[in-house]
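Below: the structure, in structure tokens.
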Amino acid sequence: MSGFQSIIGHEEVIEHLQNAIKTGKVSHSYIFTGEAGAGKKLLATTFAMTLQCEKKGIEPCMECDSCKKAVGKNHPDIIVLTHENQSSISIEEIREKVVGDISIKPYCSPYKIYIIPDAEKMTPQAQNALLKTIEEPPAYAVIILLTSNINELLPTIQSRCVKLNLKIIDNSLVKNYLMDKLHVPDYQAEVDASLAQGSIGRAQEAAESEDFARITENALKILKYAGKLGAFELAEALKNMVSDKQSIDDYLEIFQFWFRDVLMFKATQEIDNLVFKQEINYIKEQASEKSYETIEKILEALEKTKVRLHANVNLELALELLFLTIREK
Ligand SMILES: [Zn+2]
């Protein structure tokens, strides 16, 4: 992660946010809307990092303690909500993690920032609980709701937030940059660009990392042969993943892209928009073998595994459960 200047596109939104910082007119509540993959979380975390940066500029300096903590995802005053239940965010969760927590002053920074992904999943009760906080926030509080469906948010919430709309960035922009400037081969550039979701910084990091190339290779091996691997080979693959604890998020993201490809191909029979077009034979095979329901179930299981891992559950067990779902016929 590295600042606004490394994000491709979203010029107007970035200008708005930087201007708010410059003029001291940062709002207490924002809604970032946009489809999955538009870069909502990246922009929200970059904004949060900039607000907390000790240098107080309109870009995060990437060098101070605060920026380092933000990059390491362990900044005590940047709170990103995660939730195990995929279908809804309950009033209890909002009370515990936001409403009840927000009156405690920031630990070590000017702001206390809450980022709520999938905000449309808040129940109406949860939204009402949050509304009171949005109406009378402490001076240091900033709440950022991320949503792909703003219509699910109560009008009373919507009217009190600054709304910023993010459009999907064309992956080909990032991909071309990687191929032209860094001479990354076509298919690796496609994967790196998809993972980066519009951030040239993240794409570059992925492209320059030998680790990442190795992870992609290992992940693809697992994905292509998941249904056919024997117990021993699968255990071996799992062991590789577990020993790579730092990279587990990358693995899961590659898995997600893969099964979105399978789903997309099943629905459209089109190859052009797939991330892993070079593996079309395998995608095709899995698309015809698996039902829509099974693919959806796998995608849900992947989401769940991500949350579980961040809740520090047993890594091996979480992955085993995931593989059971992936291998299900
Ligand atoms: Zn800084």
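Please state which one of S109, S90, S103 is among the hydroxyl-bearing types (S, T, Y), under 22 Å from the mean Cα position of the chain (by Cα) and over 15 Å from I150 (Cα atoms).
So the residue among S109, S90, S103 that is among the hydroxyl-bearing types (S, T, Y), under 22 Å from the mean Cα position of the chain (by Cα) and over 15 Å from I150 (Cα atoms) is S90.
Of the numbered conditions (1) in a helix (DSSP H, G or I); (2) open to solvent by 40 Å² or more (accessible area, probe 1.4 Å), T216 fails exactly one; give the number of that condition.
(2)
So which residues in the range 219-254 are in contact (Cβ under 8 Å) with a residue 60 or more places away in the chain, within 27 Å of E293 (Cβ to Cβ) and in a helix (DSSP H, G or I)?
L234, L238, M241, I248, D249, I254
Name the residue that is least open to solvent (accessible area, probe 1.4 Å), counting only residues in the range 278-297 that are of a type in the set (S, T, Y) and over 15 Å from T268 (Cα atoms).
By that ranking, first place goes to T294.
May I ask you to list the residues in the range 127-174 that are outside any loop (DSSP other than H, G, I, E, B), under 30 Å from Q188 (Cβ atoms) and open to solvent by less than 20 Å² (accessible area, probe 1.4 Å)?
Passing the criteria: L146, V174.
If a residue has to be closer than 14 Å to A318 by Cα and modelled with pLDDT of 80 or more to count, how many in the range 244-255 make the cut?
Final tally of qualifying residues: 4.
The values are calculated or read from the model by the stated rules, or taken from the named source; none is laboratory data. On a predicted model such as this, the values are computed, not experimentally measured, just so you know. Glycine also receives a Cβ, built like all others from the backbone with ideal geometry; neighbour counts cover every protein chain displayed. Note: areas computed on protein heavy atoms with side chains; ligands, DNA, RNA excluded. Shrake-Rupley method; radii C 1.70, N 1.55, O 1.52, S 1.80 Å.
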